[in-house]
Structures are given as C-alpha cells and as structure tokens.
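Structure record follows, encoded as structure tokens.
Just so it is clear, none of the values below were taken in a lab; they were calculated from the coordinates. Note that this is a predicted model, so its numbers are computed, not measured. Cβ atoms come from the backbone with ideal geometry, glycine included; neighbour counts cover every protein chain shown.
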Amino acid sequence: MSDKLKDIIGKQSEQQNVAIDQLDDVAQLVGFIIGEEEYAVPILAIQEIIKPFPWTRVPQVPSYVLGVFNLRGAVIPLIDLRAKFGLQTKKHSEETRFIVMRHGDDVAGFVIDRLTMAIRIKKTNIGPAPDTVNGDDTIIDGVGKQEDKIITILKVNKLLERDF
Amino acid sequence: MDEFQEILQDFLVESFELVEKLDEDLVELENNPEDLELLNGIFRVAHTVKGASSFLNFDVLTHLTHHMEDVLNKARHGELIISPDIMDVILESIDLMKALLETIRDTSSDAGIDVAACVARLDKISGGTGEVKSPEVAAAPEPVVEEAPQEEDEPDYDNMDPDEVEAEIERLLQERQAEDKARREAKLAAGEKVLSAPPEPIEEGEASSGSTPPPPPPPPPPPVAPKKPSPEPKKEDPKAAAPAKRTPAAVEQTIRVDVKRLDHLMNLIGELVLAKNRLIKINDDVEERYEGEEFLEELNQVVSIVSLVTTDLQIAVMKTRMLPIGKVFNKFPRMIRDLSRELDKKIELEISGEETELDKSIVEEIGDPLVHIIRNSCDHGVETPSERIAKGKPETGIIALKAYNEGNQIVIQIDDDGKGLDVEMLKNKSLEKGIITEKEADNMSDKEAFGLIFKPGFSTAATVTNVSGRGVGMDVVKTNIEKLNGMIDIDSEIGAGTSMKLKIPLTLAIIQALLVGVQEEYYAIPLASVLETVRISTDEIYTVEGKSVMRLREEVLSLVHIGDIFEVERILDGGEHAYVVVLGLGTSKLGLIVDTLVGQEEIVIKSLGDYLKGIEGVAGATIRGDGGVTLIVDVVALMQMARDVKATPMIESQAASGVTEKTKASDYTIMIVDDSKTDRMIMRKALEPMGVTLVEANDGQEALNILKSGDHNFDAMLIDIEMPRMDGYSLASEIKKYNKYKNLPLIAVTSRTGKSDRMRGVESGMVEYITKPYSSDYLSSVVQRNVNFKAEFL
C-alpha cells in the first residue's frame, strides 16, 4: 500500500518536473532596464508596452510624475521610473518605452530605458528582498537569480500607489 | 429567498414612490380638508403599504399603517375634520413610516423603531381609547385582509373561523361598493372638479391657495361641466389605483433602467463626441491641403452629418438621464408647513416649473442646498405676522420656488417677500467677525455685500434658532452649487424681499469650454464661469501690494497669470499683448491672464484617476481633437489659489543661458540650415578651418526641433530663406519667441537680394544678411564677429 502511494507520489513529482514550465511554480516576468539595473514585473500586471508619445504636464506633482497621456480615450498618469529611483533624467531614445501596468482599477504608464525580455524563472530561484529593504513599505517584491545576473522584481501595487 | 428579495425590492420602490407623493398631498389636504379625491389617494397609500407589509411580515409597519388608515378612513367618511393638530399626528406617523421603510431597506427588517406613542395618538384621534395592543397581536399576516378596506372598528379576524371570515369579506366588499358609488356621486356633484383641473396636484393647490384661511368652501362647479368620460374608474384593488391616480389619462409607457447602464451609455457618447471633434479637425486639415478637390465636398457632408447625429444622440441620451426637478420640490410644501408652525409665521410656498428637467446626478445634489436656502428664507427672510401687518404687508409671507430653462442652464429661483438683506448690517456683521476689513467694506458694492452671506463663519440671525443660523449653512450651499459648476446670484431690496438664482448646467459630463494657451500648454476653462475675454497690452497691468490688477471699465479687476498658478515654465516671450479671461463665480470676479485664446469647444470631462486626484486647480482632463490631453481648470479652486499667488513680472529678466566659458574652438556650435546639400557643404567647407562644431538641418522644422531638443547650445545659426516645410523667415520668428534664444545671432544666407527681402529678414530677427555667392573668408569673418570668436583659437 505504502509502496503504491510512494510510486504515485514519485510519478507525480516526475510529471511536475517535466511540466515545470507551465506550472504554478514558475514566475513569468518582463524585464527592463532603468539606469544600470535590470528590473522585472509580472507579465500579467502589464496591460501593454508602447513607444513614447506626447503627454501633458500636470502641475503640483513630484518631478517623477511627468503628467498624463491619452491611451485610447483613457487619461492615464505617466511616471518616470528613472526620476522615481533617484537617477538623473535623460532624454527619451529609440529604446525608451512606456509600460502600462494595471493593478485592480489602478492604471499608470511607466517610462523605462529599455526592455530586455520576457523571463521565466522558477519561484525557488526567487529570494526575498534584502533585509535592509524589507517591510511593507518596500517596492521590491524579491530578487530573481539567473545564471549570470540577478533581477529585482518590483511590486506593481506599490508602483501604482500614490506616495505624495 | 431570492423571490422574497425581489418582492421586497418592488415593495420598497413602490412604497418610497408613494410616500414621496404623500407629503405633498397631505399639506394640500390641510388647506383643503374636504377634497375627497385627495383623501382617497392618501388613504390608498396607507392601505397599499399596509397590505404589502403585512404580506411581507413587517409587523411594526403594518401596525402603524393600520392605525393611520383608521384615521384617514374616518376623515374620508366625513366623521373627522382634519385639523392642524390631527395633521401633525398624521405627518408624524408618515415620518415614522418613512423611517421604517428605510430601516427595511437597510436591514430587511422593521425592528428597532418605536411606534407605540404615535399609534396611541392615532388611535385617540380615530376615537379609540389610546390603549393599543402590541403589533404582534394586532396584525398577524393575513393576506386576505388586504383585499378589503378596513372599517373603523375592525373585527378581530384572528378569532374567526373561515366561514365567518368569508362572510365578513362579503360584507366589507358590499360596503366598499356602496361607498364607491357614493363617492362617484359625490364627485359628480362636485362638478367633476378633478376632470377640469389638470392632473398636477400643485396647480390645484395653487388655485385654492388664494383663499387662505382653511377650510375654504369647495370651489363652485364650472359653468359648463364638460361631459367627458368619467374619471379613472375606481378599481377595487387599491394597489393599482394608488399609483394610477396621478398619471395622466393616457398612460405613459415607461421602462425602468439601471442607472449604471445609462452611465455607461453616457461614457460611450463621450467617446463619440471626442472622436467627432477629432474628425472635424482632420477634415479641416484635409481641406487645407487638398483645396478645391472634388471629394472634399463629399467628405464635408459626411463629417457634418456625423457631427449633427452625434450632437443629437448626445442630447437624446442626456434626456434619458433627466428627471423633473419636481422630485426635489416635492418635499418643500411639507417643510414649509412644519417650519411655519415651528416659527409661528404664516408662510405659503408657490411652486412653478417643477416639470423642468435636470440630469439625475444634479437632481440628487441640488436637494440639500435648496433646503438650506428655503430654511434661511423662512427663518431670516419672512417676518412674523405682527411685523408684517405693521409694515402693511399681507399677514402671510410668500416664498416662490421657480425653475426654468435659460440657454444651456437651468435656473432655480427662490424669492421671498420678507424683510430683505440690509447691506449695512451685513457689512457691520462681517467687520465684527473679521471676515472683511474696513477698507473692503467701504469699497463694496451692494452685490458684493449680499455675497457676504456665503462667507464661512457668517450668520445673520441675531439669535441662533434651531431652524437655521449656525453660520455653516450658506457657505456650504455655495460650495455645493459650485461643485456642480453652477453659480448663485443674489438680489435683495430692504423691506421687499430677497431673490436667489441658482444657475446650474444641464449635465455634468459634457461641457462647453474655452480653450486657452499659455506658453506651449493648453487649458480648458468651463465656459459657464467665463464672463468675458479682453485683450490688453502689458502696460495696462498695475501692481498693487504685490498683486496684479487692471482697470476694466469702471471696476478694478485683480489679475493672476495662469502660468503662476500652474507652475508653467516661461520659455516663450510673452510679447506686448496678453489676453485676460474674466472669470465670475457668484459675485466674485478674477482676471486670468493667458497668452492665447484658442476657442470654444465641447469637451468631455474625464477624471484624472486615483493616482492624480485632488490636484488643486485641476477639475479633470479632456481629450482633444488631436488626441492630446488638456487639463480642465477648476475655477472655484483657482480663485482660492489666486489669493496666495504673488505676481511675477510679465517678462522675466533674461536668464544667462549658454554663457559657459569657451576653452577651445570646438566649444562653439553653429547650425547650418539649408535644403540644398551643396550649399551646406560650401558653408561647412568655409567654417571647418575655424575648428567649430557644426550641426546641419534640412529645413526650418528640423532646425527648430534640433534647437528645442536642447542637445546643443548653439552660438549662431546660418539660415537659408527658401526652404520647404518652414522657410527662413518663419524659422527666425519662431526662434525669437523663446526667451532663451533672444540673443542667438541668426544669419541669413540667401540668393535673394531684393531690398524687401532684407527688410523681412530684419523684421523676423536676423542680424546679418549674406547674399550668395560669397567668399568663404567673408562668411567665416561674419560668423567670427557674431559669436565673439576668440582670436587665440585661430
């Protein structure tokens, strides 16, 4: 009896290993560069990625809020992640993109320097945020380890939270 | 359980509708206690609610309505005359009924409200002892009962056997039929009064309100009683009869629609309006480019049809959201009645225009401000009867509530014939409370003084009564109206009365706006707040105590630059002229200085969303025809902000830009603008020996973009005149608009040699004019001279 059970469990885990790519313990992320660092957000939080286009400045907001833009009839705030992360702002280049992220009813566009790629990463390879930045306030969800580099995974709900 | 919920919902909707009507009817009844038609209507409401609530097991409500019904039934049979005291009890019971219904709506049960005292009083009136059994015993759910009208001494059904019940029902039905017959005859005798009068109850009330002291004799039958079909047949089922009573003979076909669906529809229309604006803009562009082409006419037709239909559609959808303002006015007769008894004044309310329609969301918002204003009129406006007689006015004060359309707005007017506002008293009060200064008081017009009652912390009543006068009312009224983009206008004459006009836009979602430009940005100002626009020259602006002002006809108008409010960077030179948009809110005015006026446009208000909500001075955003986003100015907030903004001089002192120390020849940067590659090459060859950095542009547009991008700090520009897209003259005048480039040397390099060409060059801001062909030495020396080229780099 117990042998049989072990057998089944063994088979199941084998299957899991085979199907690891489409199961729950894989996180699908989209990576992008801001400054020197690579960051990522869950792919499901991304509504779309668009090329930069004109926006309208909004007064009385922190400098990292560039303003609002028109996304097919909806007025959406535009946030410059370089400025938000305390980096020098730089002019938009050919590689600059707006990532429109959604969490619940909150939507905003984020300016990033460059996209890298869609990433599949095992959840076991994602570590918690470093102790120094732990706590509820942190914008960092965790740190994903890949062969040659580490990627900082951001919390979309924190990014979309108004903090001024 | 779901079925029960459904029934409950229907019951609540129906009951609230009935109750709403009830207040009005009851007050009218007091003036006109013998109006059987009214009495029957009221009775039926009580009866309907009672029937349904007993079916749904709401014992407390059943108990209450049962006793109300008793009293009303007696009145109906003429056994009881409705005196003001009795009316007080009836009204109290209706309030309780409302409270119970609300409790049921919120908690699905009618527990928690004590009706015993009221029931006892009701019982006393209907001739009982005042000792009433508790609801548990009094009203067991017995659906059969509601089929029959209740007689005053109702037998105890609980103790009857089925046969007895049957017999009792039979007896009651017969009684009821006889009663109906009698009623019909009575009505015929009354000259079919109901038929000759329109179905609106108010007008009946107005007709009879002329003869004030109740009870007036029933109006004499009109000389020629029209032989029309008899009034709505009285149905046995009171449920059906009650709502039918007020509807006109031809029953309107209606359908209940969830408000959410209408809101969604309205949003879609908003999108359509935006798309229409965009289409019109594209049409204009195409027209310009392909002037005289045949297909243009066709395009024009299509665009105008689309725009026409969109406008019609928008109006049609707006209409579906419209509600008659009567829905709000309904509660006022009752309120006035209660107030006049409380204050010991005689006040009559005249309502007109209650069929005027307003957007649902506005109807919901407008109620509270109106309550405040009317309370104020009753408390502070209308005098006591003795005072009025002493002044030679009729004893009864009149408050007139009017609604009517005026252009794109609805006007709600509240007039009283009371003592009016005393300007001096208002000023003294405000001085005392420190709301205004002595100087301000002296310079104040009467209108401005009336506006003082809307200031926070102002209360005119010498004694604070519990009706009004805690000094919070009127400024809340003002903010609420302004939230709806509305305005309050106030007018008053001492001894004659006060008149307030609330002007409110028909709808909230789509508004007319004035688009203004400042520097490179655009803003939309709701047109309802714009009084006028004027063009002034900058020397008409004076600075007084750090604030800008101007003289506008007889008045001094304080000014504020829109750029100071919205932190706009001054990159463009303002020029000698500016436009002032005069904003008006109630009695206060403000001049908003803008650089350009773009025009009037219909805009759809969009929220900025949670992330950016609450930005001071911004009411929302809209999407323009070109797809860009334009912010909508919140005029109310802007007026507040203007107080704290210090005026900045119109032309800012020239900021030292690009005056970095040149340490080598390549620190000098020069742009070459020419559409011919050969010409650019020739210039390059001439300048390269100097070792300066050279940037090339193909035409004016490209040159401007390079300049704006700020990648280089140019020391001079060589500009050809004849170029595609943007020629040299336009380029030069565009560049000169920027403060930053005021001193940038522009050198024309052209084959045009005419004198007028040279003149144009100078006018557009060129400093040198080189005609082709030229020697490279000459070009080089001209450039060196203009950029202060240091000799040691050569």
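For residue B:298 and residue B:259, the difference between the fully extended length at 0.36 nm per residue and the C-alpha to C-alpha distance is 10.1 nm. So if we plug the beta-carbon distance of residue B:432 and residue B:352 into 1/(1 + (r/R0)^6) with R0 = 56 Å, what FRET efficiency do we get, rounded to 0.05? E between residue B:432 and residue B:352, to the nearest 0.05, is 0.90. Model label points for residue A:102 and residue B:9, set 7 angstrom from Cα along the Cα-to-Cβ axis, are 2.7 nm apart. Which value in Å is the Kirkwood Rh of segment B:699-784 over different Cα pairs? This gives a value of 13.1 Å. The Stokes-Einstein estimate for segment B:510-644, based on a Kirkwood radius over Cα pairs and taken at 10 °C with 1.306 mPa s viscosity, is a diffusion coefficient of 104 µm²/s. Close amide H pairs (under 5 Å, H built 1.01 Å from N) link residue A:31 with A:116, A:117, A:118, A:119, residues at least 5 positions away or on another chain. Remark: segment B:324-505 is approximated by an ellipsoid whose semi-axes, taken from the C-alpha gyration tensor as √(5λ), come to 25, 22, 14 Å, largest first.
Look at the alpha carbon pairs under 8 Å that are at least 6 residues apart: their mean separation over the length of segment B:510-644 gives a relative contact order of 29 percent. Peptide A:63-70 has a mean of 4 when you count, residue by residue, the C-beta atoms of other protein chains within 10 Å of its C-beta.
Spread over its residues, the convex hull of the C-alpha atoms of segment B:259-321 is 55 Å³ per residue.
Close amide H pairs (under 5 Å, H built 1.01 Å from N) link residue B:383 with B:419, residues at least 5 positions away or on another chain. Across segment A:22-159, C-alpha contacts under 8 Å between residues 6 or more apart give a mean separation that, scaled by the residue count, equals a relative contact order of 28 percent.
Sorted from longest to shortest, the spans of the Cα atoms of segment A:22-159 along the three principal axes equal 43, 32, 30 Å. Of the GluC sites (Glu not before Pro) found in segment B:273-325, the ones in coil according to DSSP and having at most 13 other Cβ atoms within 10 Å of their Cβ are B:291, B:293, B:294.
Principal-axis analysis of the Cα atoms of chain A puts helix A:2-18 at an angle of about 30° to the longest axis. Per-residue mean of foreign Cβ neighbours for A:104-111 is 2 (Cβ atoms of other chains, 10 Å radius). Once the Cβ-Cβ distance of residue B:57 and residue B:178 is raised to the sixth power relative to R0 = 30 Å, the FRET efficiency obtained is 0.40. Taking Cβ atoms as reference points and 13 Å as the exclusive limit, the residues near residue B:340 contribute a net charge of -3, counting Lys and Arg as +1 and Asp and Glu as -1. If R0 is 25 Å, the Cβ-Cβ spacing of residue B:755 and residue B:725 corresponds to a FRET efficiency of close to 0.40. Solvent-free Debye calculation, one equal scatterer per alpha-carbon of segment B:318-377: log10 I(q)/I(0) at 0.12, 0.13, 0.19, 0.24 Å⁻¹ equals -0.33, -0.38, -0.71, -0.98.
Label positions at residue B:98 and residue A:146, each projected 7 Å from the Cα along the C-beta direction, are separated by 6.7 nm.
Converting phi to 3J(HN,Hα) with the Karplus coefficients 6.51, -1.76 and 1.60 and the offset θ = phi - 60°, segment B:490-504 yields 10, 9, 7, 9, 4, x, 9, x, 10, 10, 10, 10, 9, 10, 10 Hz in sequence order, with x at every glycine or proline. Distance between the modelled labels on residue A:28 and residue B:493, one decimal in nanometres: 7.7 nm (7 Å Cα→Cβ projection). Fully extending the segment from residue B:368 to residue B:553 would add 62.8 nm, taking 0.36 nm per residue of separation and subtracting the current Cα-Cα distance. Estimated at 0.36 nm per residue, the fully extended path between residue B:291 and residue B:440 surpasses their Cα-Cα distance by 47.8 nm.
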